[in-house]
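Notes to accompany the following structure.
The values are calculated or read from the model by the stated rules, or taken from the named source; none is laboratory data. Predicted model only: the values in this text are computed from it and were never measured. Cβ sites come from the backbone with ideal geometry, for glycine too, and all protein chains shown count toward neighbours. When the accessible area is computed, the model is the full protein with side chains, heavy atoms only, and any ligands, DNA or RNA have been set aside. Shrake-Rupley method; radii C 1.70, N 1.55, O 1.52, S 1.80 Å.
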Amino acid sequence: MYASREDIGYDFGDDSKVGSKPIKPNPNIDGGWAWMIVLSSFLVHILIMGSQMALGILNMEWLEEFNQSRGLTAWVSSLSMGITLIVGPFIGLFISMCGCRKTAIIGGILNALGWILSAYASNVHYLFLTFGVTAGVGSGMVYLPAVVMVGQYFQKRRALAQGLSTTGTGFGAFLMTALLKYLCTEFGWRNAMFIQGAISLNLCVCGALMRPLSPKDVVSEKYVVRSNSEDNQAKTLSHSAETIKSNGVLSEELEKKEEATNEEVLDSVQHIEIGGKSRSGRNMYGLRILKTVSQLTVTVRKGFAIWYSSYFGAASLFTNRVFVAFIIWALFAYSSFVIPFIHLPEIVKQYNLSSQNNIFPLTSIIAIVHIFGKVILGIISDLPCISTWNVFLMANFTLVTCILTLPLMQTYVSLAVVCALIGFSSGYFSLMPVVTEDLVGTKHLANAYGIIICANGISALLGPPFAGWIYDITHKYDFSFYISGLLYMVGIIFLLIQPCIQKKQPKEKSTEEAQV
């Protein structure tokens, strides 16, 4: 597969340095503690994404309890799922300031609090705040660090590691559905949410496992030597990462000046603290508080500067054209995967296939094959002769073809085949962090992937209501699949166009230099 800037040793203008510095590799990269990170991310996907896939059980209980419309009640689940992804860019700010471990632990507490407070809901609007917003934000604070940490700990087997960790979504959908159904039957939905809140505290344990790498370990990743079979595509797509690096020189210089100023402030506080020991012991407590506040201020300002420069500064991610195309793709892609989950039961009912679907639901076929798709696509992408980008595009083409042809299938067998293909091809979700890291580099992964999942969240939030609105007008679900499929195809076309433009730019520059 093509490699990222770190993987190929691309040093923006000095390729001779590749492999010139013998650095002892960290045993935790691609091994050791890295597999504990995969386990942690796997459990996060079970507890967060799996629980969200099982919210249909609670949705039925809320409809019966509050006697509200289906549309209004459904917004509780939509808010929780959408906010989990939409808050991605803001979670990137927390990661820049606090790191992945602290962000995930705080998110675990917030998520559990949202579940517990929802047990005391008196109306649907109360659930909007407690479950939709509070639990949703907490989920986002755990989900993004779980993905980012896997990307930091793996280089050679990133696709496989991401595939294994994200299979927790499929396993969680089965486990959490069975668990919530049992708890609601035995204890009622309020006690079920309270118990689920206690279970969600395990997210704090998952966060504690996210041990950060030292800066030396992160830096040493750039000296990994690339294979000859990857050179052509590496040069093309690493050029997009070069855009961010080259535009970020000014912001890095300003950051160094700011750090020097902050260190002077801390030194002066320490000097006052030492002098205070000889003068009066009463002022020591106040000086320690002042020192702590100063250190916290330095951390916040530094984290905010990194976050701000990634989005709005000279090193903005939006100067990367391929990454912008990736965002446009993400705005259309996720809804095409969510819509079949929501509308398949109604399609089955229209074709009088309910009896067969009750034996083995089509949505279960998607979920089961989806697990295998993530792992298999991850293994294929890690092969030295295979490009992750090509695997990613082929999976997208397969999925959009299935979305467009699904309304034409009117028998259970044909629908089952199409659903199996949807499940397998949607396994490309495990490749999204890998592709993002290859486009922008490890340093910008948290902020960049935050933008991507934010776009996915908008798609997940607006896609299903849009499909329902189309049905209200046409009284058919066919057009919902056709329109979402065509929009999805537009996103794929953007992905195809931008890499071609990136290839032409180096050639144009070399021609101009030759003329000069």
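Details
- Failed item in (1) over 24 Å from Phe392 (Cβ atoms); (2) assigned to a helix (DSSP H, G or I), with Gly170 passing the rest: (1)
- In segment 298-351, residue modelled with the lowest pLDDT [restricted to those that are of a type in the set (S, T, N, Q) and either touching a helix residue (DSSP H, G or I) at 6+ places or on another chain (Cβ under 8 Å) or surrounded by 16 or more Cβ atoms within 10 Å (Cβ to Cβ) (or both)]: Ser310
- If you go through segment 95-125 and pick out every residue that is under 18 Å from Leu445 (Cβ atoms), touching a Leu at 6+ places or on another chain (Cβ under 9 Å) and not small (Gly, Ala, Ser), you end up with 4.
- Selection status of Leu85, part of a helix (DSSP H, G or I), of a type in the set (A, V, I, L, M, F, W, C) and surrounded by fewer than 23 Cβ atoms within 10 Å (Cβ to Cβ): no
- Conditions (1) in contact with a Cys (Cβ under 9 Å, 6 or more places away or on another chain); (2) outside any helix (DSSP H, G or I); (3) of a type outside the set (Lys, Arg); number of the one not met by Ser122: (1)
- In segment 97-112, the residues that are part of a helix (DSSP H, G or I), surrounded by fewer than 22 Cβ atoms within 10 Å (Cβ to Cβ) and either not hydrophobic (A, V, I, L, M, F, W, C) or not assigned by the TED database to the domain that holds Gly56 (or both): Arg101, Lys102
- Options Tyr482, Tyr471: the member that is assigned by the TED database to the domain that holds Gly378, aromatic (Phe, Trp, Tyr) and modelled with pLDDT of 75 or more: Tyr482
- First in segment 408-423 and aromatic (Phe, Trp, Tyr), second anywhere and open to solvent by 10 Å² or more (accessible area, probe 1.4 Å), Cβ under 8 Å, 6 or more apart: Tyr412/Leu353; Tyr412/Gln356; Tyr412/Asn357
- All helices (runs of 4 or more DSSP H) inside segment 381-474 with 2 or more residues being over 19 Å from Thr169 (Cα atoms) and open to solvent by 10 Å² or more (accessible area, probe 1.4 Å): 388-405, 412-425, 445-474
- Residue match in segment 72-85 (condition: of a type outside the set (A, V, I, L, M, F, W, C) and over 30 Å from Trp469 (Cα atoms)): no
- Residue ID - modelled with the lowest pLDDT, chosen from residues in segment 414-450 that are within 23 Å of Val375 (Cα to Cα) and of a type in the set (Ser, Thr, Tyr): Thr442
- The set of residues in segment 166-199 that are open to solvent by less than 50 Å² (accessible area, probe 1.4 Å), under 29 Å from Phe424 (Cα atoms) and of a type in the set (Gly, Ala, Ser) comprises Gly168, Gly170, Gly172, Ala173.
- Residues that are over 11 Å from Ala333 (Cβ atoms), crowded, with 21+ Cβ neighbours inside 10 Å and among the hydroxyl-bearing types (Ser, Thr, Tyr), drawn from segment 478-496: Ser480
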